[in-house]
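Only one structure is covered here, and it is reproduced in the block below.
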Amino acid sequence: MKTLIGALQERAAHVVNRFYEELGRLPKSRRILEMLSDAELAHLKSRQIQNLLALADFGLTAREHEEMAQRIGRIHAIVGLDKEELVRSRGILHEVLYAEVGRSVSAQQLSLYARRLTSDLAWQLKAYQDVQDSQQEALLRITRLVWEAGSYTNFIDQVIATLAAHEEVAACTIGRPDEAGIFHFEAGAGGKTESGMLDVLAAHDHEVSVRADHPQGQGAIGRAWRSGKAERVVNYQTDPLVVAWRDLAAREGVRSSVAIPLAAPGQAPLAVLSLYSAFPGGFVGPDQVAFVDLLQTLLGCATMRIRTHDGMSAAVPINVRQHWAALVRTGALEMHYQPLLSLATGTASKVEALARLRDGERLLLPDEFLPALSSDDLLALFARGLDEALADRARWHAEGRDLEVSINLPPAALNDIRYYESTRAALARHRCPAVRLTLEVLENEALSLSQGQSAILAKFRELGVLLAQDDLGAGHSGLTRLREVPFDWIKLDREMVKVSGDDQLNTLRVIYQLTRLGHSLGRLVLAEGIDTLDLLNALTILGVDGAQGYGIAKPMEAARLVEWLDRTPAFVATAVAEDGAGNESLLARLARFVVWEERMLMIAAVPEAGQALLQALTRDTGSVPLAQSLTGFGTILPAGPQRDALHRQVVGALLTHGPHSEAWRVALNGLIAAIAATA
């Protein structure tokens, strides 16, 4: 082999130059070579010379040869050189070698070298399969994420982690633009420097824009946002549109990239995912294009689900996300408490603990920072928040106030046993009876009650804590879960109980029916977002068990809560006499009407009872006051001839013509108008 090595050392440069001249005549190989700058092509030829000499080294072991060949094969696969072209190029190399060094070495040496070239090709082809397997594994994991991921933040973190493990990806980032069109990187991984690609991009002097009229709006990210299609940078060293990021790319070891807009079909992008390759021409070969297209389709499905079911907050730059995550763990968490009023006693024996983050002079609300936190950040927030809330409860108990505490439990908690462990440990640490703690589960699509979720839920039940279904009526929170999950409380969403304009009667009807449904299932019912005393009175009439909202008290610090409890008298609902006299608001009288209406419909559903009532009203005028008292009609309107006449008219229409008749509808409208006139 020494003779062969000598011949190669003398002729290798000429062999390589001739080899690349021949490759330039093959369309697919020429496409790849044209992506390179002059310096990159010279470097590639230099590495090719080293490889030819290494193959002639007598001391080259099979293991070393395999590792070298597979490394080169992965590069060929990543830059999109297809297998057929690789095999064809190996035949060209054989011909050039025989022509250039065949006369200088023995046939035996050439035969041995040819066998090494053949083994080299086989190992390179195996590397192709490894890259394809890595693609398939990444796509399978992304497919699972599409249906399993929770919030947008958790979703992008998991997508980045999955793609960063794929060997074609040297780095990856994801982000969204703000209202001004400036792009903010929200998550990322990879890069050569210690700080990583994401941090370098976030701190880079040249901001990224998605606007066409912005100087930095012509990069792949901006073009992808505007076009809705995957846009590529074939080579950072030769593409004039990305000159501003050329040095940064070189420092981070990336040579090409693809920006993939994440959007549901026919909709504007939600975010842009960027994949970076360590080689020029990454993500442009046929296999890579197919991979990117399928990836975009899968992630588009996910964005549609996230946008529909979880909503979207504004983009939060990664440095802000990291800052807020650090605040959660460094004593900046403050728990504020909002009283939950019992409508049976008129007092607040329970409070909801709500997280706040102190960031200098700012006090951040959950709507700001929660969407930006990762799953581990949310766990830390829950554990620290629960610990602080139970510590405050222990101090109140020592002062003679046995308050219950309610705190939000993220849907992810039913997929993560660490939330249960944190709850159990906190209860033990603060010697808090489990029944004094309520965990409010905000239901979303992730709450599917799989076997694992049911098992964790059972552990919370065994622990003895109470469970509340939060925000019933808010989008995805459905009645099915009310039946399936053993909740102790259900909380009606603030939008569900908002009464305004002509729709207030129907709103009260919905509240009443949900309250009756909850009670029939053994649940207590609490209404959120209560902002007026009139609504509080109406809820009391409808049988709602509890209420919270700014009309009762805003969230406050632990010390201010004690002051509020000391100075706030018990709530007493406005009473009304049997003859309907009193100063009740329209809302309260409408609530009484809703209760009466339901009773009448129940009477009408029993033919014998309905006929008996109808006969009594038409036969004996003395039965009218008794009937009004029995059905609750006497508290809707003040006593007098008008009330008696309306009572006969409405009840007669219902019992004679039925609940779906025009006569019943007209009579009800007349009664409602009379209520509005007297309130």
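See the values below:
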quantity	calculated
Residue 488 versus residue 244: modelled label distance in nm, points set 7 Å from Cα along the beta carbon direction	5.7
Estimated dipole of region 1-56 in Debye, rounded to 20 [Cβ of Lys and Arg +1, of Asp and Glu -1, Cα centre]	180
Whichever aspartates and glutamates have a C-alpha closer than 13 Å to that of residue 459, once near sequence neighbours (fewer than 8 apart) are set aside	416, 421
Linear extension gain, residue 585 paired with residue 435, 0.36 nm per residue minus alpha-carbon span	50.3 nm
Between helix 451-463 and the chain: long-axis angle, C-alpha atoms, 0 to 90°, nearest 10	50
Helix 286-309 vs. the chain, principal-axis angle (Cα, 0 to 90°, nearest 10)	10
Degrees, to the nearest 10: 533-542 long Cα axis against longest axis of the chain	80
Protection proxy ranking of 237-250, 272-285 - average other beta-carbon atoms within 10 Å, highest first	272-285, 237-250
Modelled FRET efficiency - R0 51 Å, residue 365 with residue 132, Cβ distances, 0.05 increments	0.60
Furthest towards positive pole of dipole, 381, 159, 593, structure part the chain, Cβ charges	159
Listed residue (295, 485, 222) projecting farthest to the positive dipole end of the chain, Cβ model	295
Which label in (i) 1.18; (ii) 0.98; (iii) 0.95 gives the computed Rg/Rh (Cα atoms, Kirkwood Rh)	(i)
Dipole moment magnitude, nearest 20 debye, the chain about Cα centre, only Lys, Arg, Asp, Glu C-beta charged	1160
Residues with amide H under 5 Å from that of residue 574, placed H, sequence gap 5 or more	none
Relative contact order (percent, whole number), region 333-558, Cα cutoff 8 Å, 6+ residue spacing	21
Above-threshold pairs, the threshold being 31 Å between Cα atoms, out of 45/126; 229/498; 45/229	229/498; 45/229
Total charge dipole magnitude, region 333-558, about the Cα centre, Cβ charges on Lys, Arg, Asp, Glu only, Debye to nearest 20	760
Aspartates and glutamates whose Cα lies under 13 Å from that of residue 491, excluding same-chain neighbours fewer than 8 positions away	352, 440, 443, 470, 471, 528, 545
Cβ-Cβ FRET estimate between residue 676 and residue 51, R0 fixed at 60 Å, reported to 0.05	0.10
Mean-position separation - Cα centroids, region 120-188 and region 295-363, in angstrom	27
Considering only the chain, percent of DSSP beta bridges that pair antiparallel, nearest 5	60
Dipole axis of the chain (+1 Lys, Arg; -1 Asp, Glu on Cβ), positive-most option in 365, 124, 562	124
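Coordinate-derived values only; no laboratory data. Bear in mind that the values here come from a model prediction, so they are computed numbers and not experimental data. Note that we place each Cβ from the backbone using ideal geometry, even for glycine, and neighbour counts take in every protein chain shown.
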